[in-house]
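Notes for the one structure printed next.
None of the figures in this text is laboratory data; all of them are computed from the coordinates on show. Keep in mind that what you see is a predicted model, and the values were worked out from it rather than measured. Quick reminder, even Gly has a Cβ in these numbers, built from the backbone with ideal geometry, and neighbours come from all protein chains shown.
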Amino acid sequence: MRVLAIDPGSKNIGLAISDPSGTIANPLSIVVHESREKDTDKIARIVNDGDVELVIVGCSYGEDGLPTYEGRKAQRFAMRLSQKIDVPVNLWNEENSTQIARDTRVAMGVNRKKRKGHLDDLAATVILQSFLDFGFQKVN
């Protein structure tokens, strides 16, 4: 089962996809944010053109367990995307995904100059791998 993960951001939207067995997450691409409508149209084309069977959208939650401001935006994004595709769309806690992506690049020895720029597709990969490692068994 191939799963697509989305890390929605205010500037860029990171995408990651699993291998066909649903075991390993890989960065896919970046969608530059324009508007919710245009962004979901682009991602719907990716889902509909591929063999994606499930979409995971990263959602941030506060200490109270409720979605943060960005989390509520992610919920609205997921809702709109679900209206455009025929596969399930689920929210997944994206806690610290960008920081984990940044730390991973440091651990890999990527120098500071090359670490500049977006981490959105890598953050989506972190979200997806988290889902595959933990959540996938609960969804199936």
Handout entry: Sum of side-chain charges, Asn26 neighbourhood, beta-carbon under 11 Å (Lys, Arg +1; Asp, Glu -1)
Key = -1
Practice task
Among the aspartates and glutamates, select those whose C-alpha is under 17 Å from the C-alpha of Lys73, and discard any that sit fewer than 8 residues away in the same chain.
Solution key: Asp7, Glu34, Glu37, Asp39, Asp41, Glu94, Glu95, Asp120
Practice task
Quick one: Debye curve from the alpha-carbon atoms of the stretch 1-95 only, equal weights, vacuum; give me log10 I(q)/I(0) at q = 0.11, 0.12, 0.15 Å⁻¹ to two decimals.
Solution key: -0.28, -0.34, -0.53
